[in-house]
Structure formats: structure tokens, C-alpha cells
1. Looking at (1) touching a residue at least 12 places away in the same chain (Cβ under 8 Å); (2) in a loop (DSSP other than H, G, I, E, B); (3) over 24 Å from the mean Cα position of the chain (by Cα), find the lone condition where Asn424 falls short.
2. Does any residue of region 538-551 turn out to be touching a residue at least 40 places away in the same chain (Cβ under 8 Å), hydroxyl-bearing (Ser, Thr, Tyr) and in contact with a strand residue (DSSP E or B) (Cβ under 9 Å, 6 or more places away or on another chain)?
3. Return the pairs, sorted by first residue and then second, in which the second residue is of a type outside the set (D, E, K, R) and in a helix (DSSP H, G or I), the first residue lies in region 503-528 and is free of Cβ contacts under 8 Å to residues at least 24 places away in the same chain, the beta carbons are less than 6 Å apart, and the residues are 6+ apart or on different chains.
4. If I ask for residues that are surrounded by 15 or more Cβ atoms within 10 Å (Cβ to Cβ) and either touching a His at 6+ places or on another chain (Cβ under 9 Å) or closer than 17 Å to Pro178 by Cα (or both), which ones from region 211-233 would you list?
5. Among the strands (runs of 3 or more DSSP E) lying completely within region 492-608, list those that include at least 2 residues that are aromatic (Phe, Trp, Tyr) and under 25 Å from the mean Cα position of the chain (by Cα).
6. Only one of Leu509, Leu525 is away from the ligand (no atom under 16 Å from the Cβ), under 30 Å from Val434 (Cα atoms) and surrounded by fewer than 23 Cβ atoms within 10 Å (Cβ to Cβ); which?
7. Within region 560-608, restricting attention to residues that are within 11 Å of the ligand (Cβ to nearest atom) and modelled with pLDDT of 95 or more, which residue is nearest to Leu448 (Cα to Cα)?
Amino acid sequence: MCGIIGAVAERDVVPILIEGLKRLEYRGYDSAGLAVIDQQSLKSKKVSGKVAKLEQEIKDTLLSAPTGIAHTRWATHGKANYENAHPQISKELIALVHNGIVENYSKLRLQLEQWGYEFNSKTDTEVIVHLIHYHFNQSNDLLTAVRTSLQSIEGTYAIAVINPEVPGHLIAARHGSPLVIGIGIGEHFIASDIAALIPVTQKFIFLEDGDIVDLQRNSFKITNSGNPVKRAIHISQLQANAVERGQYRHYMYKEIFEQPQAIKNTIENRIHNSSILETIFGPSTHKLLKNINSVQIIACGTSYHAGLTGRYWIEKFAKIPCTVEIASEFRYRNPLPNSQTLVVTLSQSGETADTLAALNEAKQLGFGPSLAICNVPESAIVRMSDMVLMTHAGPEIGVASTKAFTTQLLSLLMLAVVLGKHNNMDHKIEHRIVDAINILPAQIENVLKLNSIIEQLAGDFADKQHALFLGRGIHYPIAMEGALKLKEISYIHAEAYPAGELKHGPLALVDSKMPVIAVAPNNILQEKLKSNLQEVQARGGQLYIFANHRAIMQELDYVKVIELGEVDDIISPIIYSIPLQLLAYYVALIKGTDVDKPRNLAKSVTVE
Ligand code: AGP
């Protein structure tokens, strides 16, 4: 999604803005631009396309300046073209970048047109910049003009504004879209994501909804509803090289192979004497979980698939009912609240607009305490929740989530145990789960050795238009996640079904051109699954079976078995997700897609 960076300094900020934009690229975008104040005049550059193109164009103009704002745009209103790229500028005076959506922009546009403003873009953003221009003409004060303008805006925003008549000032504001101040020495920054600012500072202030900041080189003032407010300073542990690709060809590949370490980090300090510590969710956990009699998981995309998997563990080990819902549905369904229901949000980014809104809705309705399982410590979802479990996967840059998913799964398994202990779970079961968790990193290392086998297999998929993924029980959501990965980065249409459902419809799709991928570990449902696979085989479907042992089915030209070896039943959903990630990666590689930044997608979906 869109990214913002801005800076007020003594030195030239153009290289800082460009580096920041590059660090925001992973979020997904289709145009980029910047505006600076150079000796009291406003200069801007925009491109439709990549930051590298913008960088090249800037090099040619030798642009340099001490104050500026920059943006990567992911199109919502209006095409991904030059006119719609940000900054949007009003009358060569006000330049603005914006993340979010202005819901009442049609009405505001009409009003502004009546006041004589001409619109050059199809964006909703352009109304904000003209409004600020209008109010600046009235007040001759940029901060007042921004504040007054925002009173008319309905929707969500994070904005940064500059005006050459007030050089050395940058005004920024947030409502529903993240924005962070970076504190430097004799310089200040603003960004939508701390990743953009890590090369210049590790000191951050997270703005809250309604905050407006007037940023200058040596000072900043935050106000909310016109009153001065103080916000805490956070020191980030994120290292600049943590978001670098190193020798790897793609972030996604790097992140797949980081999973053993990511899992070790998720386990670290969370288990003591074969027991999962309750305090990992925060100091008040015992009190908050005491009366819990059900769990509601809310998430989107891959995180939703983690939730669906977690439900099996929670119901099996904690023996309390668990429901899982897509956040964008939950928020509009008017669900019936229960104050004894634990609300669990799952989110890699912690900024997903639908998940945030659903959590808010759950709180308003009177659901019980909330727990965030998240990968970004300073994110909005973390800050909004009563309890938190950080997944510690490290920054995930590839749009297709991999290590964040497997660490979410592990976190949910730990949650199931902690809830189970509140419900008289037998210690022996806990010890058995802890043993399985402890061997997880080694088992992942093992399964990653299938890398070259899967690379070869990927060739079979390159010319395919469709694929079916099958699983049963707890491995059905793993099949769903496998299908999502393939769809996201290789653009092959992929669907997942519980294998038993095949004959109720999807079997009609099966012919010799349809690859069918089965997640078939050795468990009590394996025999049932085998019968379902026979149904595919009988219709000439091409079978790719991921199983513990080759013996699951006779290998034929159209039946390939990928052997994962002995896998502990408890952790097998985590292990079986990994070859499916590799399969999607290699198919995308053959198809030559943009693996880390697949078309139309964004890493952090901060709009509804
Ligand atoms: C995963 O590969 C996707 N990019 C997407 O489905 C993602 O999981 C979803 O947008 C939710 O994001 P979150 O975990 O940051 O909330």
C-alpha cells in the first residue's frame, strides 16, 4: 500500500527520501514522487512506475533541498499514472502526500470546483490539498489550514504537507493510517513505516488518531483537537540490514529459509521446564484469561489461514469453542458479543485496516479481552490489544507471507496450551507439545532440503491455468494457504478444498490438465484422504502428494509423491506449509513474475 516519508533537516534530504521510498517498496505501489522546498520554491518530480525511475530522473536534475516529502502510491481512486501520483500540488504552493481514502471526496470536489479550483487528477487526495490551499489563503498559517481542512474530511488518512512560504516546516497528521515521527540530531522525519527511517534514526514516536504535528529541524509540536499532547518515544531494535536482501535473489526465498531461526526466536524465553509460560502474553494474562469460555479469531489472508489452523489446536487442547472469521466480514456482521470470549487478532503487519476495524468493533460490542499475535512491535493492533504475543519472525518484506505464517501457527499452538492449562489440561499433554515444539527448527531444516526436488517439480506447473489443493482436518487450512501462495505470486488460479468435499462439485473440474496437490501427512484421516485421491486418479487428474512416506500411493506418470519423512503429528501443519511455499516460489520464478511484489498486491493493506 502507499508509503510516506518526509524530512526537515539542514543537509540535503533528497537521498534520504529516495532511500526511504526504496525501503517502502515492499508494501506494493505503482507510482512514486517527491516534492521539496529549495530556496523558498517548490520543486517536484513524479513517475508512473518504480522508485528507480524517479531516482534516475532526479539525478538528471541535480535536485537537492533540506525539506521534502515523498510517496509511493498504490492506486485506489484513479489509474496508476503520472497525474494521479503523489505529491498532489495546489496552485504551486501546497504539496501533499496521502495514505488512506477520502470517503466524501465527490462532495468536497464539487465544493472546491465552485470555489474555482481545477482538478488535474482523479484522486481523492487532490481535494485535501486544495482545501488546505483554500484555508491557508484565509489564515496564512499552515498548521491552522491543515487542521481546519481535516475537519471536513471523512475517511482515513496519514498526510504530510509542505509549503515554500513556510520553509523548514512539515505538517503531518493521522487518522486511521499509521504515521511515525523519526527523531534525529538536529533533524526530524515522518514516515508511514519505521522501515523507511531505520538508516537515519532508531528513535520514534507513533502518532495517534487525531494527532497533528508541526515538524521543524530542531523541534516538533504534536496537538490533538487543538491541544498540545505528549507521546512516548520508542527505541526500535530493528537493524538497517534486517531489511536487506543480501545474496538472496528474492526476499521471499530468504524468508522461507529464515524459518528455522524465526521459529527459534518465537520459542525463545517462552518455555521453561517443559512448560509454556503464561506471562508470554503479558503480565495480566492470568486475570484476563481466567473466565474465558470461547475464542474468536479475526484476521485476513494468510493470517486468517493461520487462525483456521489454530482453531483445531484450541478446540483439541484447550477444549473450548473457537470461531475464526475474516476481519472484513466480522466488522459488518453485527456478531453477538460475549464478555467471556477472548478476541484474538492475527496480523503480520499489525496495521491491516480491516483487522484493526474488526478489533475495534469487538471492543465496542462488548466482547472479552483482546490478544494480538503480531510481528511488528510498534503496530496499531499491538497498541490496541490487552495482551500481545510477538511472533519475532523478523521483518518480512516479500508480499507473500511465509515466516510470519509459520510463527503465527506456533504462537497459536502455544496459546492453545496456555488456554488448556486454564481448563485443567493434563501436564503430560503439555510436555508432549513442548517436545514437538522443540524439534520444530530441526524438522524445518530437514524439509527445506526438498528445495531442489520442488524446484524440478515446479516445471510441471508453468503452463497450467488452474490448480486444486486438497487437505483434510487441520491440513485443510494448510492447503488453503498453499493455494493462496501459488495464486499470489504465480497468478495461477488455485482453489483449496477439504478433500471429502471433492465429489460434491469440484471433481467436475478434474481432467488430465488439472494438477491436484494433496497435503497428506500420516494421520487418522490419511486413509480417507487416499480414497479421495483415488477419485482424482480415476479421472486422470495429475496428483502431487506431499506425504510422510512414498508408500502412500503407487507412483505413476501422473502421480508424484513428495516424501517429507517422519513428522510429529502435532506440528505437521507447520512443516507441511513449507514445501507449498517453495512450490509457489519456483513456479513464480519460471513464470518470471515479480515474486516479492506481485501485481496489484500490497504488503500492508491499510485501506478498507
Ligand atoms: C499473504 O501472503 C498476503 N500478502 C495477505 O493475505 C496478508 O496475509 C493479509 O493481507 C493480512 O495481512 P496481515 O497479516 O499483515 O494482517
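1. All conditions are met except number (1).
2. Checked region 538-551: at least one residue is touching a residue at least 40 places away in the same chain (Cβ under 8 Å), hydroxyl-bearing (Ser, Thr, Tyr) and in contact with a strand residue (DSSP E or B) (Cβ under 9 Å, 6 or more places away or on another chain).
3. Nothing qualifies.
4. Taking region 211-233 and keeping what is surrounded by 15 or more Cβ atoms within 10 Å (Cβ to Cβ), we get 211-217, 220, 222-224, 229, 231.
Asp211, Ile212, Val213, Asp214, Leu215, Gln216, Arg217, Phe220, Ile222, Thr223, Asn224, Arg231, listed by residue number.
5. So the answer is none; nothing clears 2.
6. Working: Leu509 fails: under 30 Å from Val434 (Cα atoms).
Of Leu509, Leu525, the one residue that is away from the ligand (no atom under 16 Å from the Cβ), under 30 Å from Val434 (Cα atoms) and surrounded by fewer than 23 Cβ atoms within 10 Å (Cβ to Cβ) is Leu525.
7. Residue satisfying both the conditions and the ranking: Gln581.
The rows are residues; the columns are (1) buried (at least 24 other Cβ atoms within 10 Å of the Cβ); (2) among the basic types (Lys, Arg); (3) not assigned by TED's automatic domain parsing to the domain that holds Ala358.
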{"site": "Ser379", "(1), (2), (3)": "yes, no, no"}
{"site": "Met384", "(1), (2), (3)": "no, no, no"}
{"site": "Ser401", "(1), (2), (3)": "yes, no, no"}
{"site": "Leu409", "(1), (2), (3)": "yes, no, no"}
{"site": "Asn451", "(1), (2), (3)": "no, no, yes"}
{"site": "Leu457", "(1), (2), (3)": "no, no, yes"}
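The values are calculated or read from the model by the stated rules, or taken from the named source; none is laboratory data. In this text the structure is predicted, and so the values were computed from the model without any measurement. When we count neighbours, we look across all protein chains shown, and the Cβ atoms used for this are built from the backbone with ideal geometry, even at glycine.
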